[in-house]
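Remarks on the structure that follows.
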Amino acid sequence: MKIYPLGVGGAFTKTNFHNNYIIHLNEKCLLIDAGSTLRYSLREAGYHYTDIDVVFISHLHFDHVGGLEEMIMQRFWQFNNGQHSPLKTTIIVHEKLLTPLKSLLSHGLANQGRTVEDFCNFVCLKEKEVYKIEDYSFTIFDTSYTHADGLFSFGFKLASLQSNIVFTSDVKRLKEANIIGQVDGNTVAIFQDVSFTFNGVHATLQEVLDYYPKEYYSKLYAMHYNDNVEQFQKVIDSANINIVKKGEILHF
Ligand SMILES: [Zn+2]
Ligand SMILES: [Zn+2]
């Protein structure tokens, strides 16, 4: 799989765009989260809304869902030779997030006699239920309340026959989220949100290093981090973990 980091910044980033990714799975294009910087990060990366085959939404903070309605609208309002040729948007969500997400979208989309379903196809997954994208298996794991109290949030695992990646999305209390429980012998990368300074809703670099066994460090890919990342480069280098950079493609 080929992973294009559209952005790697935290919610308030000014320089790194929101932590959203495009993952190429053979011929299919999977978008991970659609934050409010998506309209800029997509363009900077040279993608169009219509390139996306399916989008996964991890939770309903604005850096993960704030750009979704625009994406849905832009895809719906496509014209071919003056003919309206709507492109529906396929959205993968955990079953717990389906109703809240539909409710959020309904305020902008459910009018003019249309419903949210006129714009979107929802792929609603139960815990551990597999959704096939090409030869890859996509499963969601529940990290609710380990990012923010009272908030549903979810990570995912994407696996081929030989290897898999684990993506935490946003997590503070790693032990409670049991991220290690998702890792197995075939895991080649763990995409982990990391804050360099104390943060009430994200694990700090020290908390991440304390949580994972040392043999996992080389598989850790820090993401969703502060804009002043350069100040912490030495610590990252000495810890021997990887850091995801905006626009730097990763292959697994
Ligand atoms: Zn976030
Ligand atoms: Zn969040």
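Test LEU158 against the criterion of being within 28 Å of LEU104 (Cα to Cα), open to solvent by less than 70 Å² (accessible area, probe 1.4 Å), away from ligand 1 (no atom under 16 Å from the Cβ) and in contact with a Ser or Thr (Cβ under 8 Å, 6 or more places away or on another chain), and give yes or no. Walk me through it before giving the result.
Numbers: within 28 Å of LEU104 (Cα to Cα): yes; open to solvent by less than 70 Å² (accessible area, probe 1.4 Å): yes; away from ligand 1 (no atom under 16 Å from the Cβ): yes; in contact with a Ser or Thr (Cβ under 8 Å, 6 or more places away or on another chain): yes.
The answer is yes for LEU158.
If a residue has to be open to solvent by 10 Å² or more (accessible area, probe 1.4 Å), touching a residue at least 60 places away in the same chain (Cβ under 8 Å) and away from ligand 1 (no atom under 12 Å from the Cβ) to count, how many in the range 161-210 make the cut?
2
Which one of the conditions (1) free of Cβ contacts under 8 Å to residues at least 12 places away in the same chain; (2) open to solvent by 50 Å² or more (accessible area, probe 1.4 Å); (3) touching a strand residue (DSSP E or B) at 6+ places or on another chain (Cβ under 6 Å); (4) not basic (Lys, Arg) does TYR131 fail to meet, given that it meets all the rest?
Evaluating TYR131 over (1) free of Cβ contacts under 8 Å to residues at least 12 places away in the same chain; (2) open to solvent by 50 Å² or more (accessible area, probe 1.4 Å); (3) touching a strand residue (DSSP E or B) at 6+ places or on another chain (Cβ under 6 Å); (4) not basic (Lys, Arg) leaves (1) as the failure.
What are the residues in the range 61-75 that are surrounded by fewer than 18 Cβ atoms within 10 Å (Cβ to Cβ) and either of a type in the set (A, V, I, L, M, F, W, C) or farther than 20 Å from SER106 by Cβ (or both), if any?
The answer is PHE62, MET73.
So, in the range 5-45, exactly how many residues are assigned to a strand (DSSP E or B) and closer than 18 Å to SER163 by Cβ?
First, pick out the residues of the range 5-45 that are assigned to a strand (DSSP E or B): 5, 9, 18, 21-25, 28-32.
If we keep only those that are closer than 18 Å to SER163 by Cβ as well, we get 21, 23-25, 28, 30, 32.
Qualifying residue count for the region: 7.
Looking at GLY155, GLY181, which is the one that is of a type in the set (Gly, Ala, Ser), under 30 Å from LYS96 (Cα atoms) and part of a strand (DSSP E or B)?
GLY155
The values are calculated or read from the model by the stated rules, or taken from the named source; none is laboratory data. Quick caveat: nothing in here was measured; it's all calculated off a predicted structure. We place every Cβ from the backbone using ideal geometry, glycine too, and count neighbours over all the protein chains shown. Ligands, DNA and RNA are excluded from the accessible area calculation, which covers all protein heavy atoms including side chains. Shrake-Rupley method; radii C 1.70, N 1.55, O 1.52, S 1.80 Å.
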